[in-house]
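Structure first, then comments.
The values are calculated or read from the model by the stated rules, or taken from the named source; none is laboratory data. Just so it is clear, the model here is predicted, and its values are computed rather than measured. Ideal geometry is used to build each Cβ from the backbone, glycine not excepted, and the neighbour counts take in all protein chains shown.
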Amino acid sequence: MPRTLNPELRRALADRIRYYNELGIYDFYRRGPSGSRDGDVTTSVAMATSEIQSESGEEMNPRKAAAVAAPVAVEENIFEVLAPKPEQKVTDPAKALKIIREDLGDCTRCALHKQGRKQIVFGVGDPNAELLFVGEGPGADEDEQGEPFVGRSGQLLTNMIKAMGLSREQVYIANIVKCRPPANRAPEREETETCSPFLMRQIAAIKPKVVVALGATAAKTLLAMNSSMIQLRGRFYDFKPAGVRINDRSNDPRWDGCKLAVTYHPAFLLRDPRQKGEAWKDLQMVMKELGLKAPKATT
Ligand code: URA
């Protein structure tokens, strides 16, 4: 079973791979067991990890060094992530999303498929949306209807979207995991790691201007950061979906990632409505970025 990379190394490796992608290098090959190289070697993840180490100039502590020196774990994760995706050369976002949905199939990749899910909740909205919301995972209503954010939290999210001068149909809404975790528990790490690559591909297909992470699970997964909501809110992050060739010229050279903002999850706001003002500040920051004006209140 592949071990999981620690988040710090994972982020550094992702940055390094992105750097190679920006140089036009997309193909990474596994080193052979005796150090020989299989096939045509363009570059290797092992090289990427050692460069990360030398670039930082720091002497690695033994645990960190051990993580870097775990090529099998690194390769197994990263090679899966870097495999060319079937939608990669498709420029129409609606078609690309369809391909991703087909690739997902009747997914049994993680344990959630046998823990009572009724259906996969893929995502909903405009494939050309400038604004994309990411929640945590479907609840009972979403599992029933096959659409994200249709229950009580969904009603609040819909109102938040309206307050921004938009409709649900004008944005895209998805979740970190696409199957309902039993008893509405937070998704486990293995579940988010298995499912989030599909979300990353959806984001790369839609190419939004802004992603809004709703709550800590979405924020921490998308940013690969383990900070508190207080630390994460109140600013934009430059975001590129991990593990996806976003700057492939055969796709859309104009999209090179987007901004990401973090705000409270609507379910949290239902529990603590005093925080709605803070969430509104986050959304106003997003509206400014998108040139949106709040609709005038009707009498
Ligand atoms: N909460 C979420 O995070 N997502 C949904 O789709 C519904 C509730």
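Take the range 95-151 and flag every residue that is buried (at least 17 other Cβ atoms within 10 Å of the Cβ) and free of Cβ contacts under 8 Å to residues at least 12 places away in the same chain.
Matches in the range 95-151: V150 only.
Give the range 220-231 a look and list any residue that's of a type outside the set (S, T, Y) and away from the ligand (no atom under 16 Å from the Cβ), or say none.
Of everything in the range 220-231, those that are of a type outside the set (S, T, Y) and away from the ligand (no atom under 16 Å from the Cβ) turn out to be L223, A224, M225, N226, I230, Q231.
Counting only residues that are part of a strand (DSSP E or B) and more than 13 Å from the ligand (Cβ to nearest atom), which one in the range 163-219 is surrounded by the fewest Cβ atoms within 10 Å (Cβ to Cβ)?
The residue in question is V210.
Could you tell me whether V286 is under 30 Å from V90 (Cα atoms), within 16 Å of the ligand (Cβ to nearest atom), at pLDDT 95 or above and surrounded by 15 or more Cβ atoms within 10 Å (Cβ to Cβ)? If you could, list the steps in order and put the result at the bottom.
Details: under 30 Å from V90 (Cα atoms): yes; within 16 Å of the ligand (Cβ to nearest atom): no; at pLDDT 95 or above: yes; surrounded by 15 or more Cβ atoms within 10 Å (Cβ to Cβ): yes.
No, not satisfied.
Is it the case that T158 is touching a residue at least 60 places away in the same chain (Cβ under 8 Å), out of contact with any Gly (no Cβ under 6 Å at 6 or more places or on another chain) and polar (S, T, N, Q)?
The answer is no for T158.
Just checking, which of D256, D252, D248 is at pLDDT below 95 and touching an Asp or Glu at 6+ places or on another chain (Cβ under 9 Å)?
D256
Does the range 256-277 hold any residues that are hydrophobic (A, V, I, L, M, F, W, C) and within 16 Å of the ligand (Cβ to nearest atom), and which are they?
Answer for the range 256-277, where residues must be hydrophobic (A, V, I, L, M, F, W, C) and within 16 Å of the ligand (Cβ to nearest atom): V262, A267, F268, L269, L270.
Consider K240 carefully, then state whether it is under 13 Å from the mean Cα position of the chain (by Cα), away from the ligand (no atom under 16 Å from the Cβ) and surrounded by 12 or more Cβ atoms within 10 Å (Cβ to Cβ).
Here the answer is yes, as K240 does meet what is asked.
Give the residue that is farthest from the ligand (Cβ to nearest atom), with candidates limited to residues of the range 102-157 that are closer than 16 Å to A183 by Cα, assigned to a helix (DSSP H, G or I) and small (G, A, S).
A111
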